[in-house]
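Just so you know, all these numbers are worked out from the coordinates, no wet-lab data involved. Everything numeric in this text was worked out from a predicted model, so none of it was measured. Counting neighbours? That spans all protein chains shown, and the Cβs are built from the backbone with ideal geometry, glycine included.
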């Protein structure tokens, strides 16, 4: 958080909506690539292998590059659309903070899909850093202003 800025961490709804916007933006090029593979490769087995290999590899690289790069500049497209900003104690997050945030976010997403992880996520009442990826990376999301 930059000097003189009052921090009010945001709740789950706006952050989730921003994340969903980002996922849509990430999946558009992957969908186009998938359609291109379908139109070029007639052999079903080869097409399936290409789609799985390229889809997971490129998708993972795009996901990591998108979030790390944009977090280092203060927020993703979804966060910017909703007027949110990602900050750290020194201003904008560093590469290491963005990478640790991404790793924590992926771990949280895996945990969230389990019943125990989901319940812990929903009922966490700490407002300073209510989500694990914020705590791990020492960042928080605030309203732009």
Self-check item: Fewest-first sequence of 15, 143, 47 by Cβ atoms within 10 Å of each Cβ
Solution: 143, 47, 15
Quiz item: Fewest first, what order do 56, 71 take by the number of other Cβ atoms within 10 Å?
Solution: 56, 71
Quiz item: In what order do 50, 86 fall by count of nearby beta-carbon atoms within 10 Å, going from fewest to most?
Solution: 50, 86
